[in-house]
1. For region 635-721, with only Lys/Arg (+1) and Asp/Glu (-1) charged at the beta-carbon, what is the dipole magnitude about the Cα centre, in debye rounded to 20?
2. Take every Cα-Cα distance within region 2-313, group them into 10 Å bins from 0 onward, and report for each bin the whole-number percent of pairs it holds.
3. Return one quarter of the surface area of the convex hull spanned by the alpha-carbon atoms of region 1-154, equal to its mean projected area, in nm².
4. Where in the chain lies the longest segment free of GluC sites (Glu not before Pro) that are both loop residues by DSSP (not H, G, I, E, B) and have at most 15 other Cβ atoms within 10 Å?
5. Please say if region 88-135 is rounded, prolate or oblate, where rounded means a/c under 1.5 for a ≥ b ≥ c the square roots of the C-alpha gyration tensor eigenvalues, and otherwise the choice is prolate for a/b larger than b/c and oblate otherwise?
6. When a footprinting reagent is the concern and you count Cβ atoms within 10 Å, what order do Phe527, Phe535 take, fewest first?
7. Write down the percent of antiparallel bridges among all DSSP beta bridges whose residues are both part of the chain, to the nearest 5.
8. Would you calculate the convex hull of the Cα atoms in region 252-334 and tell me its volume per residue in Å³?
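Bear in mind that the values in this text are calculations on the coordinates, not laboratory data. Source: prediction; values computed, not measured. When we count neighbours, we look across all protein chains shown, and the Cβ atoms used for this are built from the backbone with ideal geometry, even at glycine.
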Amino acid sequence: MIVYQQEIKAFYLSGKNYCYLMRVDGSGRLQNLHYGTKIPLSDISYLIAQVGDPVSRELVDLNFYANERIFSECGVYGRGDYRSPSIVIERKDGGIMSEFRYVRHTIEDGAPALEGIPHVRCSGQTITIFLRDLCSDAEIELNYTVYDDSDILVRNAKIVNAGKQSFCLRKAFSFCVDLPDNNYKILRMHGAWTRERTPEITDLGHGIVRLQSTCGASSFGIHPFLCLLEQDCREEKGVCYGVQLVYSGNFALTAERNSFGTVRLSGGINDEQFCWEVRSGESFVTPQALLCYSERGLGELSRGYADLIRERIMNPAFAFAPRPIVINNWEATYFNFNNEKICALIDEAAKLGVDTFVLDDGWFGKRDSDSSGLGDWYVNEKKLVGGLTAVIDRCKMNGLKFGLWFEPEMVSPDSDLYRAHPDWAIHKDGIKPIRGRRQLVLDFTRQEVVDYIFRVIADILRSNDISYVKWDMNRFITECYSASLPSYRQGEFMHRYILGVYELADRLTTEFPKVFFEGCASGGGRFDAGMLYYFPQIWTSDDTDGYERTKIQWGTSLCYPLSAMSCHVSACPNHQTGRMTPLSTRGAIASLGASGYELNVSALSDEEKNACKEQITAYRKISDLVLRGDLYRLSDPFSENCFCEMIVSKDKRCAYVVGEQLRAMPLPNTRFVKLVGLAEGKRYLIKELNITASGKTLASVGVALPKLGDYESFIWHIEEVKI
């Protein structure tokens, strides 16, 4: 709901459990009055009285620090507010100071459709507040979209050049919100390849905390998510504020605590080396930011993000559709395969109940290792006699669908594509490019490159019965330069690159609406809400170890639904860690997402094959919970000796619990796990334990954990018992 009170120039925005209040002060500034727990609409006047009289120009002249005390919705630069600005505009004369004033606003049903970038798809209500810059010819449009059934506030900005001369955007953040200082802690997620999205909580302190990526993707190192927590905030209690970006390129998120009792959250496209020319009459649109307020801890915040992404960001055709249970040949064969090996995998996989076979890297061009062939998207018929048709026919004979791996953004120097178009690779003449995985990155700022890659991939998809595509990206960007851009527009390179990626993803998913696309970036190097707009699931990590995945999937679930996480059972010893974990544990952890297999099923024993078959049958019975249910994180593998998560159906009628003991201990104390999330007044049966109790008792007393060995797991199915 959005309400405007004309007489006091105040805006009241409310969602499921929060409200967001703003006003236009006496000087025309747009100020934040409150972001947090829902308060009555009638109390806006009280809040204005608490803020005090409008800050006039005369008062600013008397009190130099007055601007730093304003709770601003769009941070300015060079006019007495020394906090981080939201938008920095450089004019032709070099001036970059700014001062934004309210002009008008509109309130409309629905969410804005942002051309060329992913966005929240539908419904809601949007207020657009128009500001003008007193120091330049820029006009700013701030969009706020709210939903009555969600705790997510969607924000972004549009900067319009209303003058006759072009200007350069040095910074164009998507949002800015100032909060009262509350001695917050800050949660971020850091990591690296094979250990993505590790939560870390520290005191915020004074000054600026800046989280960013500069590698051309949302990255392994720091995730485009930030959360402020009040001191007593825990998993299922306490107040926290989260923000994540619907963006896949270079980003920055900042939390700034100043000396005057404010904490400023802001973020968007990384402004480091960013400069975007906006000519007369043109505009620049920033990505959306998803702000979430929770009074019931991180769990409620996570469930809010999961619902919004499933319901309003993911492709509706796939958001709640059963996920393909795939077998991928990569860890079974790597590059070393032929018809005989592939057909043997398909035959054995079909017996297990898998429904899709995915042919990974190595099927095209001259590609027997990672040193050649990328960009040559034609079948290597010396390796696969009869081409893809032979493999697809074998799949159909076994009742399986067929999927195929691509790495569209890359090129090998040893490839026909590179020999024909060396200028299509990102490079700067005179500087030897850095190679990653022996490959270079194609210049997706160039339209002819995007057009070519679309054409060759589309030709393969049109010519073959392919139901599944795995889109990989195995290195980040260096040299950050395009010969197609003039010198004064090189600061646009990184954003233009990700716009090219979005264009290709949009064209392919539009042209082939029935093909299921999975994202991948050397594992989880580009796992973000922007990519989930096009790809309903993403390969969560190249680390498929049954223990390490508990931590990776725990962190990922802070921002994303389980259905977005591609989770496979792989071989032991694990190919990344060398660790041995039971097959039952690998299956249990993989069931907390879009499950599949990444191993040589031909090499399994009959007992192991039967176990896999039972896992697949069991997974199909709980797959709807993975798609639609609410996740409750019960035991933290980072700080406890047990991992445990529970998925609860929306109607609270059933639940699914998965746990793993990390290390066995001699004479262990009896430990209980509290099953929060069930309905207190209902009674439930835990089938595997044959015990019955009320939801209130299961949440307050809990259930004794079984005594297990190293990395052993347990699964409980819970159903409501009718009284």
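1. Working: 11 positive and 11 negative charges, 72 e Å.
In total the dipole reaches around 340 debye.
2. The percentages, shortest bin first, are 6, 27, 38, 23, 5, 0.
3. Values: hull surface 41.0 nm².
For the Cα atoms of region 1-154, the hull's average projected area reads 10.2 nm².
4. Numbers: sites that count: Glu115, Glu230, Glu272, Glu282, Glu381, Glu640, Glu680, Glu688.
The answer is 382-639.
5. Oblate.
6. Phe535, Phe527
7. On the way: 133 of 161 bridges.
Roughly 85 percent of the beta bridges in the chain run antiparallel, per DSSP.
8. Working: hull volume 24.1 nm³, N = 83.
About 290 Å³ per residue, rounded to a whole number.
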